[in-house]
Amino acid sequence: MFAKSALAATTLLIVTPAMAVDTNLSVTLTTPSGAFEQSVIQYDCGPDTQLSVTYINAAPNFLAILTAPEEPASQIFASVQSGSGARYAAGKWVWWSKNTDANLFDVTLGDDAEPVLTCTEINNTP
């Protein structure tokens, strides 16, 4: 089926607790060109709050992996339609980034709710 495309662009490994037993989840993405990009971006989200986000770009799949507040483990956010910037969703959470700014929304709070986190990319370049 994928004879003409590159196989296994990247594999994600997440360890989550399940009744005192470690559980591993592996996701394999296939891209037509075999090319993918992974980057880890650190964000400053206010007093004493930093967030690390791993972005996986393996067209046509675009993912963000992060741990939302009060969540026990990282979640995989998949890209969804956006008017501007990059918008990712996982469960009740939406992570929306544009340029060096990003916001985390809890959709259960309503369409007009303020972001749970408002973040700015930490630039460590001198």
By per-residue mean of other Cβ atoms within 10 Å, what is the highest-first order of 104-110, 52-58? 52-58, 104-110
Hydrodynamic radius by Kirkwood for the range 30-71, inverse mean 1/r across distinct Cα pairs, in Å, is 11.8 Å
Under a plain spin-label model, where a point goes 7 Å from the Cα along Cα-to-Cβ, how far apart in nm are PHE62 and ASN24? 3.1 nm
Working out 0.36 nm times the residue gap between THR49 and THR100, then minus their Cα-Cα distance, what length gain in nm do you get to one decimal? 16.7 nm
Hydrodynamic radius (Kirkwood) for the range 34-121, which is based on Cα pairs only, to one decimal in Å: 13.3 Å
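Every read-out reported here was derived from the displayed coordinates using simple, explicitly stated rules and does not represent laboratory data. Source: prediction; values computed, not measured. Note that each Cβ is placed from the backbone with ideal geometry, even for glycine, and that neighbours are counted across all protein chains shown.
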